[in-house]
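The values are calculated or read from the model by the stated rules, or taken from the named source; none is laboratory data. If you're wondering where the values come from, they're calculated on a predicted model, not measured in any experiment. All Cβ positions, glycine included, derive from the backbone under ideal geometry; neighbour counts span all protein chains shown.
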Amino acid sequence: MEIACPINKGISTMFTNILRGLVPMSSLPHALPRVQKLPQPRSSLSWASLTSFPPHPQVMYLLLHTVKGTPFETPDQGKDRLLTHWEQIDYGMQCTSSRKFLSISPVVLYLLTSFYTKYDPAHFVINTASLLSVLLPKLPQFHGVRLFGINKY
Amino acid sequence: MSAAAGVGQQWVLVEMVQAFYEAPAYHLILEGILILWIIRLIFSKTYKLQERSDLTPKEKEELIEEWQPEPLVPPVPKDHPALNYNVVSGPPTHKITVNGKECINFASFNFLGLLDNEKVKSAAQASLKKYGVGTCGPRGFYGTFDVHLELEDRLAKFMRTEEAIIYSYGFATIASAIPAYSKRGDIVFVDEAACFAIQKGLQASRSNIKLFKHNDMADLERLLKEQEIEDQKNPRKARVTRRFIVVEGLYMNTGDVCPLPELIKLKYKYKVRIFLEESLSFGVLGEHGRGITEHFGINIDDIDLISANMENSLASIGGFCCGRSFIIDHQRLSGQGYCFSASLPPLLAAAAIEALNIMEDNPDIFQTLRAKCEHMHKALQGISGLKVVGESFSPALHLQLEDSSGSRENDVKLLKRVVDYCMNSGIALTQARYLEKEEKCLPSPSFLPVCRVFSMGALQDLHEAVWCS
């Protein structure tokens, strides 16, 4: 776990101040689709929110917790071949600023979405399930854990 | 229009806030928990997952006091080879001047005699005048000259493969090629008698190494079968592990050839890749000197990677790997010795090109070399106390003691006496040197008379000298 691929270093060290790099980078894809949808006073607003919350956690899950290894050759002879991107961030150090930001952003999004959907029970189920699926793998207790042998090799 | 939109927006906001007051309790409780968790996360410290054993300061002090520094120069016996070395003056040609005495050269690996060839020397000198001595960089950073590209092209054409890649140091060739493909979690089946460069490459690759007995195909098949059984137990893991076999064409440590046709059969049966190291067999075996694939009549596309160093037959420095473009191209970014080391000096590349020209123009030198080797092998057979190890057509033989005295040191001392006697009689030989602590399977002590072209008359002298010792 000593050497991570540069792209993980990229998230933490190249953009050492997360406010300079990670926050704008990840805020932009959320903000853009919502800007169009916000000012329209339709009752279908709630369904618009529905379409905009679950994709974000799903995509995040795919990129951070499903895909393993590095997209390019690293000089450490394949140390991280079986680790997901999340596990490689900051060489496996837990609770660094990048990890904190990436854990908090889906929660903030969830809070906003539940406000916008007026706390509807149906939306609650779907959104909470998405949130849990993306928060649980980020816990330090789940580092390197592969449930039911999925995604092990 | 915008006013209506503004009013509509406000109306929606009021509705939202109203919904907040009527929200179900479980939802608000969950949100409260999440907010508390966020606050806790923000204030948590970063930590590493692995537990380190923390020593108390007292334990640290104890350890510091106990520590004894090792001497910079370890105590060595007076007759350690590093302390008594032979000094060679002048270029190593047929005759070599050792310690001021001119001897017949049985020590340089100059198989085709191209080290002192006039054409090769003049090509190198012309290149020296044109380019200077060294390239000032690695291949990727202003260190690629046209001679490098030409040499790669010529080698690929000579070996009849798609592409070749040049390294600037022979040892580094195979030691960089293996870790470029084989990583942690991969499996490499390697012969026990593999040379030190291969061992270092395997060590650098961090893969799982499985040694099989020298040239023993049954042992290799047993290992492959065991691996197959393991793969069937865990097919998902098997799908991501790569398997390789690393063999040498002509083994440096024992002087015999690997049974390549059987290896090809095993390759296709068990789906492993073969890496062939042809340092001693390039320019020696085969009708046109193309190595062991030509010797056995095997299609060169069956071998995944051929690696050789140019320091033996080609009388240059460096090494090359050749194979399919898809395979060789990978080394241009992942071969550590290629990317992070200065490229081959252009004069040596030009010398290698000229040597290749000579090899292509006179394909009969390989036959001559093999005939001389057989002659030498026969002539060395009858010496009492020494046995010849190696194939009859191998130019680098080993002469080992028939009955070992039991301790390696005594054997080495005895062989040294033989070598010194030969040196005094005008024949330069070397002992095979190994880093005893680093080798995986240390071969028995021996000395290496190296056969070259144009050394007919010397054989009688060698024969007499060794008889008398």
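Residues are listed down the side, and each one gets a yes or a no for (1) polar (S, T, N, Q); (2) within 14 Å of chain A (Cβ to nearest Cβ); (3) in a loop (DSSP other than H, G, I, E, B); (4) touching an Asp or Glu at 6+ places or on another chain (Cβ under 9 Å):
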| residue | (1), (2), (3), (4) |
| --- | --- |
| B:ALA238 | no, yes, no, yes |
| B:VAL247 | no, no, no, yes |
| B:ILE264 | no, no, no, yes |
| B:LYS267 | no, no, no, yes |
| B:LEU276 | no, no, no, yes |
| B:LEU280 | no, no, yes, yes |
| B:GLY286 | no, no, yes, yes |
Output the residues belonging to the stretch A:83-99 that are more than 8 Å from chain B (Cβ to nearest Cβ), under 22 Å from A:ILE150 (Cβ atoms) and touching a residue at least 60 places away in the same chain (Cβ under 8 Å). A:LEU83, A:THR84, A:HIS85, A:GLN88, A:ILE89
Is there a residue in the stretch B:225-242 that is of a type in the set (A, V, I, L, M), within 23 Å of the chain's Cα centre (by Cα) and farther than 30 Å from B:GLU374 by Cα? no
State all residues of the stretch B:219-263 that are surrounded by fewer than 14 Cβ atoms within 10 Å (Cβ to Cβ) and among the hydrophobic types (A, V, I, L, M, F, W, C); if no residue qualifies, say none. B:ILE229
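Got a sec? Which of B:GLY255, B:GLY297, B:GLY249 is farther than 21 Å from B:SER182 by Cβ and in contact (Cβ under 8 Å) with a residue 24 or more places away in the chain?
B:GLY255
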What is the number of the single condition among (1) out of contact with any Leu (no Cβ under 8 Å at 6 or more places or on another chain); (2) crowded, with 20+ Cβ neighbours inside 10 Å that B:GLU287 does not meet? (2)
Look through the stretch B:191-218, keep the residues that are more than 12 Å from the chain's Cα centre (by Cα) and hydrophobic (A, V, I, L, M, F, W, C), and return whichever of them is surrounded by the fewest Cβ atoms within 10 Å (Cβ to Cβ). B:ALA218
Mind telling me which of the residues B:PRO81, B:PRO75, B:PRO92 ends up being surrounded by 10 or more Cβ atoms within 10 Å (Cβ to Cβ), within 21 Å of B:LEU435 (Cα to Cα) and not basic (Lys, Arg)? B:PRO81
Would you please list the contacts, defined by Cβ atoms under 6 Å and residues six or more apart or on different chains, that run from a residue in the stretch B:26-40 that is under 18 Å from A:PRO121 (Cβ atoms) to a residue that is surrounded by 13 or more Cβ atoms within 10 Å (Cβ to Cβ) and β-branched (Val, Ile, Thr)? B:LEU34/A:VAL107
Are any residues in the stretch B:40-50 surrounded by 10 or more Cβ atoms within 10 Å (Cβ to Cβ) and either more than 7 Å from chain A (Cβ to nearest Cβ) or among the basic types (Lys, Arg) (or both), and if so, which ones? B:LYS48
Can you find a residue that is surrounded by fewer than 18 Cβ atoms within 10 Å (Cβ to Cβ) and within 30 Å of B:PHE326 (Cβ to Cβ) anywhere in the stretch B:123-139? yes
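Conditions tested, residue by residue: (1) in contact with a Pro (Cβ under 6 Å, 6 or more places away or on another chain); (2) of a type in the set (Asp, Glu); (3) under 30 Å from B:PRO363 (Cα atoms).
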site: B:CYS195; (1), (2), (3): no, no, yes
site: B:LEU211; (1), (2), (3): no, no, no
site: B:ASN215; (1), (2), (3): no, no, yes
site: B:ALA238; (1), (2), (3): no, no, no
site: B:TYR251; (1), (2), (3): no, no, yes
site: B:GLY255; (1), (2), (3): no, no, yes
site: B:GLU311; (1), (2), (3): no, yes, yes
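Residues checked against (1) modelled with pLDDT of 85 or more; (2) within 14 Å of chain A (Cβ to nearest Cβ); (3) part of a helix (DSSP H, G or I); (4) out of contact with any helix residue (DSSP H, G or I) (no Cβ under 9 Å at 6 or more places or on another chain):
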position	(1), (2), (3), (4)
B:ALA3	no, yes, yes, yes
B:GLN9	no, yes, yes, yes
B:GLU31	yes, yes, yes, no
B:LEU34	yes, yes, yes, no
B:LEU55	no, no, no, no
B:LEU83	no, no, no, yes
Restricting attention to the stretch B:140-156, does a residue exist that is surrounded by fewer than 18 Cβ atoms within 10 Å (Cβ to Cβ), touching a Lys or Arg at 6+ places or on another chain (Cβ under 7 Å) and either of a type in the set (Phe, Trp, Tyr) or within 14 Å of chain A (Cβ to nearest Cβ) (or both)? no
Kindly establish whether B:GLU62 is facing chain A (nearest Cβ under 7 Å) and farther than 20 Å from A:SER97 by Cβ. no
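For (1) in contact with a Leu (Cβ under 7 Å, 6 or more places away or on another chain); (2) aliphatic (A, V, I, L, M); (3) not in a loop (DSSP other than H, G, I, E, B), each residue gets a yes or a no:
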{"position": "B:LYS58", "(1), (2), (3)": "no, no, yes"}
{"position": "B:GLU62", "(1), (2), (3)": "no, no, yes"}
{"position": "B:ILE104", "(1), (2), (3)": "no, yes, yes"}
{"position": "B:ASN110", "(1), (2), (3)": "no, no, no"}
The stretch A:103-119, residues that are at the interface with another protein chain (Cβ under 7 Å from one of its Cβ atoms) and polar (S, T, N, Q): A:SER103, A:SER114
If we only count helices (runs of 4 or more DSSP H) wholly inside the stretch A:49-153, which ones have 3 or more residues that are charged (D, E, K, R) and crowded, with 20+ Cβ neighbours inside 10 Å? none
Of the conditions (1) closer than 25 Å to B:LYS45 by Cβ; (2) in contact with a helix residue (DSSP H, G or I) (Cβ under 9 Å, 6 or more places away or on another chain); (3) touching a residue at least 60 places away in the same chain (Cβ under 8 Å), A:THR117 fails just one. Which one is it? (1)
So which residues in the stretch A:67-82 are in contact (Cβ under 8 Å) with a residue 60 or more places away in the chain, out of contact with any helix residue (DSSP H, G or I) (no Cβ under 6 Å at 6 or more places or on another chain), more than 7 Å from chain B (Cβ to nearest Cβ) and under 24 Å from B:TYR47 (Cα atoms), if there are any at all? A:LYS68, A:THR70, A:ASP76, A:LEU82
Please give the helices (runs of 4 or more DSSP H) falling wholly within the stretch B:146-227 in which 1 or more residues are within 17 Å of B:TYR251 (Cα to Cα). B:170-181, B:196-205
